[in-house]
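**Q** Quick one: the structure is below, questions incoming.
The values are calculated or read from the model by the stated rules, or taken from the named source; none is laboratory data. Computed from a predicted structure; not experimentally measured. Note: ideal-geometry Cβ built from the backbone for every residue, glycine included; neighbour counts use all protein chains shown.
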């Protein structure tokens, strides 16, 4: 309940930010334009995000015959979680990682890289897949997609206003526009990161509940974090929030705006869980 309240508040902040940026550059008409852009982007991300992301990472959907171990794990955990069986996909690549996508539980896909299947044992894979199914159960794919598109729209509008002008320059509108160009994308990144971090903690707890193995998930996170630092992943940084561990490395601002909480903190919370294996 607390996580949902946080998400609602943060999403509201993003929406208000988008409208303010539109208004600063185009008045009332700019606000309407901003909302139309957000609606169009959210429509596209809602219906087509799974196809786009799978294609981006060259993920291949598999059957039980093609990947019996992974398929059986997902099927067993889905029944335990009370979810429809999602589609299962494998991503070519050595970095061990995984993500879930799809607009709702009936259209969900869980994907694992070839690398994750090589370095984790069955219990750890169960922990990871349970984490992804927790995202499905919490409908985090929709929340993340909307957050990403709202943040993206804010950044696009801010850049558009900088290059093409906006605001009442005689009343300081030009200075306001420049200030928004700098601060609005920064605020959007902070809010998007806050939403993603909150949902990762919730998915860890949900995954531990579904699998009954918080220690296995904690062990998997430690292995994945260490491997992700060594093995690069080629992809779009805008999709970082989808993966179980941050797939792209970097310091400075990249670290500050990471869409994932520190792995050490996630592991500590999992190891503190009582009543589970």
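**Q** Where in the range 188-277 are the helices (runs of 4 or more DSSP H), entirely inside, with at least 2 residues that are at pLDDT 75 or above?
**A** Numbers: elements: 214-230, 253-256, 263-271.
Once the helices (runs of 4 or more DSSP H) in the range 188-277 are filtered for at least 2 residues that are at pLDDT 75 or above, what remains is 214-230, 263-271.
**Q** Can you name every residue in the range 107-139 that is surrounded by fewer than 19 Cβ atoms within 10 Å (Cβ to Cβ) and under 17 Å from residue 54 (Cα atoms)?
**A** Result: 107, 114.
**Q** Can you tell me which of 69, 93 is surrounded by fewer than 15 Cβ atoms within 10 Å (Cβ to Cβ), closer than 13 Å to residue 117 by Cα and either at pLDDT below 95 or touching a helix residue (DSSP H, G or I) at 6+ places or on another chain (Cβ under 9 Å) (or both)? Show your work before the answer.
**A** Numbers: 93 fails: surrounded by fewer than 15 Cβ atoms within 10 Å (Cβ to Cβ).
Residue meeting the stated conditions: 69.
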